[in-house]
Amino acid sequence: MNADNPRLRLSILGIVVFAMFAALFTRLWYLQVMSSEEFEVVAEANRVREVPVEAPRGRILDRKGRVLVDNRVSIQVTIDRTVLRDLDEDERTEVLTKLAEGLSQTSKPTTVAELEERIADQRYSPYVPIPVAADVSEDLKIWIDERHAELPSVAAERVAVRRYPYGRLAAHVLGYTGKVTKEELEVVPENTTKPYTLNDAIGKAGIERMYEDDLRGTPGVTLLEVDTEGNTIRVIPEGTTAPVPGDDIVLNIDIDVQAQAEQALQTALNRAAERPPRGGDLPNVGRVGSTVVLDPNTGGVIAMASLPGYDPTAFVDGISEMEWAELSDPANHYPLNNWALQGQYAPGSTFKPFTAWAALTAGLVTPESTVNDTGVFEVPGCRGESCRFRNDGSKAYGIVDLRRSLTVSSDFYYYNLGARFWIEQEALGGPERFRELLEEWGFASKTGIDLPAEQPGRIPSPTWKEQFCEQAECVDPTWRTGDNINMSIGQGDVLVTPLQLAVGYAAVGNGGRILQPQVVREVLDGVTGEVKRTVEPVVRHTLEIQPGWQQAITDGLVGVTTREGGTAVGAFSGFPSDQYPVAAKTGTAQVANKAPTAVFGATGPAGAPQYAVSVLLEESGYGGSVAAPVARRLFDVLSGVVPLPEAPVGGNLDDLGAAVPEGGEVTD
């Protein structure tokens, strides 16, 4: 058969045409029958847009129901970097120039350079719009909405943001929110009923962070029908769900007491800076202070103040790099740090009640045991000046028992106890026994408070020193009697947080129960307001304190504020101690090349305590002169001796007009 035969060529052509049509019809059948549902979904997706709607966060209230953190609506201007990046240089400049002009004409003076700086801020995800202006007017929103073609990448939308009615008050406790990061998204469970997108807010610090799961609401969804150009045609009711607000958090904090604590701290720091240094001390230059007020029966945190503070509203519309740098600058003393639980300090003489209990428990003394305080303690079997440990100014107190040792703050009495713990270690249970007894008060471990970034403090020991010196340069890695002596008065390598000190004094008052501090009191349903969860008191440990020991320690501490020679008598002058006895201890922690740190711990009223208080002010002088007056002011209002003023809305403490008493010049 000849290949040039026309019939053959037509047959081959027919086969090819048939094959092509068969393939075409097969493809059409696949698309219209087999894949119809799949392409229907794709087509629907091109027509329908699913827009997540962030739910309002729950509110934060104080113990009396006053709102400390709320929500408000803000109109926010954003720029989408992904859209802006697709524009050429001239178009980009034109957009930014026009936006800057529009903002400046509506009381938001803005330059192109400022917009460029915000766009370049690396703390924002490159995939979410960046806020460049907040709280703009409705007129500006309309102006931007009408110029979508002229201002591609620019949008103005209503968003819910946090509102702080009391300004800076309790900022370290409340915390702040910010845009969720990619790293934070990675740890969110995939099956959560409260999913996040990169533009959502999340708690970054304080209660906002620790109770994020409760405060965050359940996002809603809005379905929009759009045309081929992405313009909205209508809202589709079917499939649209409303957001559900987050739950409300009720704190143990009393905002009125909080205001008193913050004002008293600031006043004390200012006075200390004005007071000339005493003796060979360096000038008082402290700018850091903290105070804690606890309920010694439940562990509830009634107030927690830390200075310097910060304004949480700075984070509402996204904090600028300049503002962040100021808050992170060591020269500004890290305002974001909550020094009440992050600061670790030598407690000085406020540590003496815990040393006294350790000695009583170990059988070294009884409440009636006495020593002859000559002002200078000499380590047994040791000779030379390094073997002598002196009271402040080498002052001699004569015959001293446990009660008087606390009242007048006899270092000699405690030097003797510290030395005996080391010298008689074999009979007492070994070289670590002193440390073990002190740690029963909760020192050297976190308290478990429901706030982030808590530090554990430290109780040193021979083992600790040996391990520490393996990693650091030490003059002498050997633990000696002098180390024990320094530890007995809260010096040397002892570190505690102001929060731990408050927990310790709460236990002194309540008979030995080491409580877990609790900032949150209960969680309320964000819709109904009903109680969903109550935070119950937690007893972490119970100390064995015999009634006679408890009474002796309490008597000695009450003497601090009431008896002649008491180191806080000046600060508590005029206070009705017969009706409301305050058991307290002053402390002055010596720090190399710095002014002393002033410390104070107290509980009251003695015998039936309602409050435990700790105060610490860095580089500010003596505890009786500087820290005790802060506690006195707090006990004035806590006891009802002075009416408790309402915290000023807006947080301006100048409106309080409260008086903080002077402490006088005392040693401790």
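The values are calculated or read from the model by the stated rules, or taken from the named source; none is laboratory data. Model, not experiment: these values are computed from the prediction. Every residue, glycine among them, receives a Cβ derived from its backbone with ideal geometry; neighbour counts consider all protein chains shown. For the accessible areas, the whole protein counts, side chains as well, though only heavy atoms, and no ligand, DNA or RNA atoms are used. Shrake-Rupley method; radii C 1.70, N 1.55, O 1.52, S 1.80 Å.
Points worth noting:
- Protection proxy ranking, highest mean first, for peptides 611-620, 11-20, 434-443, 71-80: 611-620, 434-443, 71-80, 11-20, where packing is the per-residue count of other beta-carbon atoms within 10 Å, averaged.
- Charge tally around L656: other residues with Cβ under 11 Å, Lys/Arg +1 each, Asp/Glu -1 each, net -4.
- Computed from the C-beta positions of R390 and V235, the FRET efficiency with R₀ = 56 Å rounds to 0.10.
- Long-range lysine pairs (8 or more apart or interchain), region 96-241, Cα under 15 Å: 5
- Computed accessible area, Y334, all protein chains, 1.4 angstrom probe, square angstrom: 90
- For region 149-166, putting each phi into the Karplus relation 6.51 cos²θ - 1.76 cosθ + 1.60 with θ = phi - 60° gives couplings of 6, 7, 10, x, 5, 9, 9, 10, 9, 7, 9, 8, 10, 6, 10, 10, x, 9 Hz, in residue order, rounded to whole numbers and with x for Gly and Pro.
- Amide H contacts of A133: V77, each under 5 Å away and 5 or more positions distant or on a separate chain (H built 1.01 Å from N in the peptide plane; Pro and chain starts excluded).
- Residues whose placed amide H lies under 5 Å from that of L251, excluding near-sequence neighbours: L61, D62, R63, R521
- Of V376, V235, the order by accessible heavy-atom surface (1.4 Å probe, DNA, RNA and ligands excluded), from most exposed downward, is V235, V376.
- Per-residue [θ]222 nm for the chain (sum of -39500 (n - 2.57) over DSSP H runs n ≥ 4, rounded to 500): -10000 deg cm²/dmol
- Remark: relative contact order (region 491-533) = 21 percent; criterion is Cα-Cα distance under 8 angstrom and separation of 6 or more residues.
- Of the solvent-accessible surface of the chain, computed with a 1.4 Å probe over protein heavy atoms with every protein chain present, carbon and sulfur atoms account for 52 percent.
- Summed residue charge, Cβ within 15 Å of S306's Cβ, Lys/Arg positive, Asp/Glu negative: -2
- Length-normalised contact order of the chain in % [C-alpha pairs under 8 Å, at least 6 apart]: 15
- Net dipole in debye of the chain [+1 Lys, Arg Cβ; -1 Asp, Glu Cβ; about Cα centre; nearest 20]: 1580
- Separation in nanometres of the label points that stand 7 Å from Cα toward Cβ, at V67 and D135: 1.6
- Rounded to whole numbers, the Karplus 3J(HN,Hα) couplings from phi for region 90-99 are 5, 5, 4, 4, 5, 5, 5, 5, 5, 5 Hz, using 6.51 cos²θ - 1.76 cosθ + 1.60 with θ = phi - 60°, and x at Gly and Pro.
- Summarising the amide proton neighbourhood of N71: residues at separation of 5 or more, or on other chains, whose placed amide H is nearer than 5 Å comprise R163.
- Per-pair calculated FRET efficiency, R0 = 45 Å: D655 and T97 via Cβ, rounded to 0.05: 0.55
- With the simple model of a label 7 Å out from the Cα in the direction of the Cβ, A19 to E326 spans 7.8 nm.
- Between 0 and 90°, nearest 10: helix 411-423 axis offset from the chain longest Cα axis: 80
- Kirkwood radius and radius of gyration were both taken over the C-alpha atoms of region 164-242, and their ratio Rg/Rh is 1.11.
- The Cα atoms of region 418-565 cover 64, 45, 30 Å along the three principal axes, with the biggest extent listed first.
- Working note: Karplus 6.51/-1.76/1.60 with θ = phi - 60° gives region 394-400 the couplings 6, 5, 9, 10, x, 6, 10 Hz, where Gly and Pro are set to x.
- Accessible surface of W479 - all protein chains present, 1.4 Å probe, nearest 10 Å²: 20
- Relative packing of peptides 211-217, 350-356, 246-252, 419-425 - highest average C-beta neighbours within 10 Å first: 350-356, 246-252, 211-217, 419-425
- Across all Cα atoms of region 99-250, the radius of gyration (one decimal) and Dmax (whole number) stand at 18.0, 51 Å.
- Per-selection Kirkwood Rh - the chain (Cα, Å, 1 d.p.): 29.0
- The chain: angle of helix 352-362 to the longest principal axis, Cα-based, in degrees nearest 10: 70
- Diffusion coefficient of region 237-329 by Stokes-Einstein, Kirkwood radius over Cα pairs, 25 °C, 0.890 mPa s: 141 µm²/s.
- Ligands, DNA and RNA are left out, and with a 1.4 angstrom probe the accessible area of the chain is 46 Å² per residue.
- Among S410, P380, G343 the positive-end extreme of the charge dipole of region 305-462 (Cβ point charges): P380
- Cα Rg, Dmax, region 79-187, angstrom units: 15.9, 48
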